[in-house]
Amino acid sequence: MNRRFDFRSSVPAISRLLIALGLFGVAALSACGEKLEAGAACPLLCPATKDVNLKDTTVDAVSIDTSVAGFPTIGEEAPLLLAARGDTLDTRVIFRFDSIGKTYPHPTVPADTFVTHVDSATVRVVLDTSTVTGVPGLPTQPVTIELYDVDSPADTVAADLLPLFTASRLLGSKTFAPESLAKDTLFLPVAPAAVLDRAIHGTRLRIGLRLVSPTSTQLRIVSSATAGAVLRFKPAADTAVTVALRSMTPTDSSLVTLQGDLRDYVITAKGITPPPPNTISVGGYPARRTFLRFDLPSHIVDSSTVVRATLTLTQYPMRASPSALDSLGIYPFAVTAGTVVTDISRLLRLVTVNTLSAADSLRVVPADSGTRKLELVNLVRIWRNTKPELTQRALVLAIGEEGVNPAIAAFFASEAPIDLRPRLQLTYVPKVTLGLP
Amino acid sequence: MRKLSTAGLLVAAATVLHGASLGAQANLSGQGLGFPTGQISTRAEGAGGATAELDPLSMVNPAALGFIGATTLFFQIEPEYRRVTIGSRTDNTTTARYPLFTAVLPVGPKWAFSVSSATLLDRTWTTSVDSNVVFGSDTVSSTFNFGSSGSINDLRIGASWAPNTYLRLGLGGHLISGSDRVFVGRTFAQSSAFGNFADSTTLGFDGGAVSAGIQLVAPGLAIASASFRKGGNLNATRNDTALGSARVPDRLGFSLAYIGAAGSQIAARTSLDKWSSLNALSQGTSQAVDAWDTSVGADLAGPRLGSWPLMLRIGGRWRTLPYTAGPGNDKVKEQSFSGGLGMMLGGGRVLTDVTVLHARRDAGIGVSERAWTLSIGFGIRP
């Protein structure tokens, strides 16, 4: 039998046809990896079933709820909030120049020259003029920034520092028109004599800033973590010396990080009226965070598929809050620590407020009241895949503009009357048993 | 933790309207344990299935193996484009199938052996239903998905013996196995507030059967064929759990073919499949029914291409599908017409068959189904 390929002239055309058919077949197959129908023939061909059903339950699942103030931690403010919000909030910014040299390098003198005279001195600060949702912008009325000598044996205690903001300790002040603030760099005058005194005696200069305004306003000053304040003075007509922020306290060598943080920080002269004890709260200044731990029914979380988890909170009106009528964003963050960590303050500090990673958000107006809902399904579903010992079934509520927006929102806690307590509504699909048709 | 309230209530009430039986699907052909592809080759499909009893590549009659002539490896691919119509609404779907593979080895002039695998019931489909779900005071759009991916396959080892020119006998041993991943899920439009749901499980099937066939040949005139498959147990399991046991359907088929024209066959065939033996595995409303499968067709030698004729095929087929549809358990009737061609290339080393098949399926319940199937078969003779 002749096994040679024996095509005639018409055969190549057939071959091409076959190749085309083959390609068509391949294309057809690649196009049909999935089969999807819109189900127009349902329910006629798809009788109702009891196999797949959504169930709904509301549980009083909050086992621990508490709020802790103090965020950001002192020294870690970025930016620094200098507020004059009338009856609601008054904050002061502290700058530490703990190392002003006795000498300076003069361009025409080979050796360093002792400071014996100061022509002028200023503190340069940079404002954060960016727009942040829900945060007041730059003042619309002229504001005055006053500088005080707040050097004191006390380190960071507001109660010790606030009495130092007196006329006798005033180092300088300057009034700024609203449009001049938009330039974002401010030069604040400092009494030359004070700088000369520190230079001659080799002592530290600690300056407290106070904002004075006829209206409720606030400024955000870029902190040392980015572009800290700088002291600049002229010991000679043709020479200027700049001094960077530096803190020499605390002196404990194990607290070097804190020492660095305290180059600039914020103290609160007048804080926000705290909410009632049977509430949990977020925001304010220093900001509060709320810790919520849940005791969830395991037959739902572990054995079923939760399709919706709604945390229902009843808002308590905080009419005395700064920006009480502006909306405030509240975000839930997962606690990733295991049950070995029991210190709630520490658990709260372990959370980094990054609104992009938040599971959901809730916008409230601090002065409002009523029921608010926060969706937590993604968080609850993560818990299904982890053991409670490794990942606490807990979350932290915080505002997105923590440390920048002093507004505070409060909700009734689990100590409140039952109808006002936080509760969790779970919608879930029980384990589906798929079987024969 | 204290439970304040529990309700299947609004949520369930809203979804049950569109809930879906995992045993049902939104088409006629894939009810129950699935769609019977027929276990016939592309070339036999081109003749409506009428020549299947004579076709050594089809997994119907083991006695036909002796017609193979030379060692052959054959497989086919078979995408189906389906349209389901209910009233003014239509759904379109595409299903990929690989329904048949066979290897046939002739040994001497009288014996031939084969190993073949063919889909007995194909259960691959997905249905999506859009609906709104009410969660208390909230309504969210949602899509409910349910489906199945898998099949029950039939692996046959066959042998044929031709003691003389007038008689051919065949035997086959069948191993029935299969896996079927069934799944269900619901997706929500608001992904931040709602978590999608999905669940699946895999069903397993195993069983056995034997088959036998006979062909009476009047050389140059006609061939009469008959085949019979006797089913054994068919077990269904889910993971390690036995779900039930049934019998592999018995099948009895006959055909009569005229072979008076050189290289051509004109045939009629009918067979009865005892699908009802699968009812022990039915848990839903759809029931298996015994079904006739009747066809007429021709496989004609056309013009020659090279050393080999171009085969032209045409046929019609009428059958009842194994599973009923709808609330009244109505039988699904299928009527199909097919045409195709086949040729040998590479000096007879490559078999190529192409068949286009159009099927209409109807159960008289207001739902109809149209399907175009492209069947492409490739065979190699090493």
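The rows are residues; the columns are (1) under 26 Å from B:Ser375 (Cβ atoms); (2) more than 14 Å from chain A (Cβ to nearest Cβ); (3) not hydroxyl-bearing (Ser, Thr, Tyr).
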site: B:Phe101; (1), (2), (3): yes, yes, yes
site: B:Val104; (1), (2), (3): yes, yes, yes
site: B:Asp122; (1), (2), (3): yes, no, yes
site: B:Asn145; (1), (2), (3): no, no, yes
site: B:Ala159; (1), (2), (3): no, yes, yes
site: B:Leu167; (1), (2), (3): no, yes, yes
site: B:Gly172; (1), (2), (3): yes, yes, yes
site: B:Val184; (1), (2), (3): no, no, yes
Is there a residue in the range B:127-148 that is in a loop (DSSP other than H, G, I, E, B) and closer than 25 Å to A:Arg381 by Cβ?
-> yes
Do we find that B:Pro382 is out of contact with any Cys (no Cβ under 7 Å at 6 or more places or on another chain), outside any strand (DSSP E or B) and more than 20 Å from B:Ala118 (Cα to Cα) in this structure?
-> yes
Being modelled with pLDDT under 95 and within 11 Å of another protein chain (Cβ to nearest Cβ) is the filter here, so list the residues in the range B:353-377 that pass it.
-> B:Ala363, B:Ile365, B:Gly366, B:Val367, B:Ser368, B:Glu369
Would you check if there is a residue in the range A:184-192 being part of a helix (DSSP H, G or I), out of contact with any helix residue (DSSP H, G or I) (no Cβ under 9 Å at 6 or more places or on another chain), touching a residue at least 40 places away in the same chain (Cβ under 8 Å) and within 30 Å of A:Lys102 (Cα to Cα)?
-> yes
Applying the selection to the range B:71-99, what residues are open to solvent by 60 Å² or more (accessible area, probe 1.4 Å), within 11 Å of another protein chain (Cβ to nearest Cβ) and either assigned to a strand (DSSP E or B) or under 20 Å from B:Arg360 (Cα atoms) (or both)?
-> B:Tyr81, B:Arg83, B:Gly87, B:Ser88, B:Arg89, B:Thr90, B:Asn92
At least 1 residues that are open to solvent by 40 Å² or more (accessible area, probe 1.4 Å) in each: list the strands (runs of 3 or more DSSP E) lying fully within the range A:371-435 that qualify.
-> A:423-429
Just one of B:Gly339, B:Gly347 is part of a strand (DSSP E or B) and either touching a residue at least 12 places away in the same chain (Cβ under 8 Å) or more than 9 Å from chain A (Cβ to nearest Cβ) (or both); which is it?
-> B:Gly339
Only listed residue being of a type in the set (A, V, I, L, M, F, W, C) and closer than 25 Å to B:Asp138 by Cα, chosen from A:Ile418, A:Ile344 | A:Ile418
Boolean, A:Leu181 is open to solvent by less than 70 Å² (accessible area, probe 1.4 Å) and in contact with a strand residue (DSSP E or B) (Cβ under 7 Å, 6 or more places away or on another chain) = yes
Positions within the range B:236-253 being modelled with pLDDT of 95 or more, buried (at least 17 other Cβ atoms within 10 Å of the Cβ) and of a type outside the set (Gly, Ala, Ser), in sequence order = B:Arg247, B:Val248, B:Pro249, B:Asp250, B:Arg251
Taking strands (runs of 3 or more DSSP E) that fall entirely within the range A:199-314, which contain at least 2 residues that are charged (D, E, K, R)?
-> A:205-212, A:230-236, A:264-270, A:287-294
May I ask you to verify whether A:Thr355 is at pLDDT 85 or above, over 16 Å from A:Asp65 (Cβ atoms) and open to solvent by 20 Å² or more (accessible area, probe 1.4 Å)?
-> no
Do you know which residues across the range A:92-118 are basic (Lys, Arg) and open to solvent by 40 Å² or more (accessible area, probe 1.4 Å)?
-> A:Lys102
Could you tell me which of the residues B:Pro56, B:Pro109 is at pLDDT 85 or above, assigned to a loop (DSSP other than H, G, I, E, B), more than 14 Å from chain A (Cβ to nearest Cβ) and open to solvent by 40 Å² or more (accessible area, probe 1.4 Å)?
-> B:Pro109
Only one of (1) at pLDDT 85 or above; (2) surrounded by 24 or more Cβ atoms within 10 Å (Cβ to Cβ); (3) of a type in the set (S, T, N, Q); (4) touching an Asp or Glu at 6+ places or on another chain (Cβ under 8 Å) does not apply to B:Asn27, and that is (1)
With criteria (1) over 21 Å from B:Ala262 (Cβ atoms); (2) in contact (Cβ under 8 Å) with a residue 60 or more places away in the chain; (3) not basic (Lys, Arg), B:His358 comes up short on (2)
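Matching residues to (1) under 16 Å from A:Pro322 (Cβ atoms); (2) within 14 Å of chain B (Cβ to nearest Cβ); (3) at pLDDT 90 or above:
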site	(1), (2), (3)
A:Thr49	no, yes, no
A:Val52	no, yes, no
A:Ala61	no, yes, no
A:Ile64	no, yes, yes
A:Ala69	yes, no, yes
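The values are calculated or read from the model by the stated rules, or taken from the named source; none is laboratory data. Note that the structure is a prediction, hence the values are computed from the model and not measured. In this analysis, Cβ positions are derived from the backbone assuming ideal geometry, glycine residues included, and neighbour counts consider all displayed protein chains. Note: areas computed on protein heavy atoms with side chains; ligands, DNA, RNA excluded. Shrake-Rupley method; radii C 1.70, N 1.55, O 1.52, S 1.80 Å.
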